[in-house]
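Values quoted throughout were computed directly from the atomic coordinates according to the rules given, and no laboratory measurement underlies them. Because the structure is a prediction, the values reported are computed rather than measured. Glycine gets a Cβ as well: all are built from the backbone with ideal geometry, and neighbour counts include every protein chain shown.
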Amino acid sequence: MADKQKEYLHGTGRRKTAVAQVKVFPGNGVILIEGKPFEERFNRIVYRQAILKPFEVTGTMSKFDAVVKVNGGGITGQCDAIRHGIARALSEIDAEYHDKLRDEGLLTRDPRIKERKKPGLKRARKAPQYTKR
């Protein structure tokens, strides 16, 4: 039973408020997000390319399958969180993969989040319009 649980590698990816839990295991290149193919969830080519980038960088395009659970954020944040989670899982497989992914910047967590609203302002930095009279 213990061997059955260690058949995959886990990676957690984050971006803004999106969190993706990714399981990567040997297979033929199928990526499932919430039980559906990732092409159904992300219909723009830019998002698909971003999700596949860790596999392209490491040269493992059709060697691994990925099963993803993603929560929070919008579509772009979720896409980048998935990419981050896949990269983290692949980096555990081989030190060579880790170096390639690090060089491409795929293992670095993007720290940018929405800034909080300040008192006396309309938004985080937008002040009310100044009136002289």
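Take Asp80 and decide whether it is crowded, with 20+ Cβ neighbours inside 10 Å and over 15 Å from Glu34 (Cβ atoms).
Yes; evaluated as a whole, the condition is true for this residue.
From Gly85, Gly74, which residue is touching a strand residue (DSSP E or B) at 6+ places or on another chain (Cβ under 9 Å), among the small types (Gly, Ala, Ser), under 19 Å from Ile113 (Cβ atoms) and buried (at least 23 other Cβ atoms within 10 Å of the Cβ)?
Gly85
For residues that are assigned to a helix (DSSP H, G or I) and small (Gly, Ala, Ser), scanning just region 77-106, find the one that is nearest to the chain's Cα centre (by Cα).
So, considering only residues that are assigned to a helix (DSSP H, G or I) and small (Gly, Ala, Ser), the one nearest to the chain's Cα centre (by Cα) is Ala81.
Given the structure, is Arg109 in a loop (DSSP other than H, G, I, E, B), closer than 15 Å to Thr12 by Cβ and touching a strand residue (DSSP E or B) at 6+ places or on another chain (Cβ under 9 Å)?
yes
Return the residues of region 43-76 that are within 13 Å of the chain's Cα centre (by Cα), not in a helix (DSSP H, G or I) and not aliphatic (A, V, I, L, M); say none if nothing qualifies.
Lys69, Asn71, Gly72, Gly73, Gly74
Might you let me know whether region 31-40 holds any residue that is crowded, with 18+ Cβ neighbours inside 10 Å, part of a loop (DSSP other than H, G, I, E, B) and without any contact (Cβ under 8 Å) to a residue 60 or more places away in the chain?
no
Only one residue in Arg15, Arg109 is touching a His at 6+ places or on another chain (Cβ under 8 Å), closer than 29 Å to Arg125 by Cβ and surrounded by fewer than 15 Cβ atoms within 10 Å (Cβ to Cβ). Which one?
Step by step, each of Arg15, Arg109 is checked, and only Arg109 is touching a His at 6+ places or on another chain (Cβ under 8 Å), closer than 29 Å to Arg125 by Cβ and surrounded by fewer than 15 Cβ atoms within 10 Å (Cβ to Cβ).
Do we have Arg133 as loosely packed, with under 14 Cβ neighbours inside 10 Å and of a type outside the set (A, V, I, L, M, F, W, C) here?
Yes, satisfied.
Looking at region 20-68, which of its residues are more than 23 Å from Asp110 (Cβ to Cβ) and of a type in the set (Lys, Arg)?
Lys36, Lys63
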